[in-house]
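Below: one structure, written as structure tokens.
The values are calculated or read from the model by the stated rules, or taken from the named source; none is laboratory data. What you are looking at is a predicted structure, and each value in this text was computed from that prediction instead of being measured. Positions of Cβ are generated from backbone atoms using ideal geometry, with glycine treated the same way; all protein chains shown enter the neighbour counts. Ligands, DNA and RNA are stripped out before the accessible areas are found, and what is left, the full protein with its side chains, is counted by its heavy atoms. Shrake-Rupley method; radii C 1.70, N 1.55, O 1.52, S 1.80 Å.
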Amino acid sequence: MVLSELHKGDKAEIIKVHADKALKDRLTSFGVMRGETLFVKGCSLAKQTMEIEVGSTLIALRADEAGKIEVEQIDH
């Protein structure tokens with residue numbers, strides 16, 4: 001499953017980031033890396049952007065970026 005499939009309030013563990021080096025480096029600088037847990041804080045109406053929390057960092061991602069992050073959902 002990928003991050004863009006999750007909804008507000010969902011929690012997941014990052015399995016793998018399938019992105020080019022530039023995007024992968026940018027996401028890593030925000031703490032988005034394998035093994036980390038994230039929380040979906042919100043999504044825009046058309047689900048074009050998502051706000052996620054990794055650790056104490058809030059990150060806004062476009063839908064195409066979120067689609068490159070493989071996750072495993074964690075039950076609440």
Inset, instruction - Only one of these is assigned to a helix (DSSP H, G or I) and modelled with pLDDT of 95 or more: 22, 60, 12. Name it. - result: 22
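From the list 41, 68, exactly one residue is modelled with pLDDT of 95 or more, over 9 Å from the mean Cα position of the chain (by Cα) and not hydrophobic (A, V, I, L, M, F, W, C). Which is it? I'd like the intermediate steps shown before the answer.
Details: 68 fails: over 9 Å from the mean Cα position of the chain (by Cα).
The match here is 41.
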Inset, instruction - Among the residues of segment 11-22, write down those that are in contact (Cβ under 8 Å) with a residue 12 or more places away in the chain and open to solvent by 20 Å² or more (accessible area, probe 1.4 Å). - result: 11, 13, 15, 16, 18, 19
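With respect to residue 37, determine if the residue is open to solvent by 50 Å² or more (accessible area, probe 1.4 Å), touching a residue at least 12 places away in the same chain (Cβ under 8 Å) and among the polar types (S, T, N, Q).
yes
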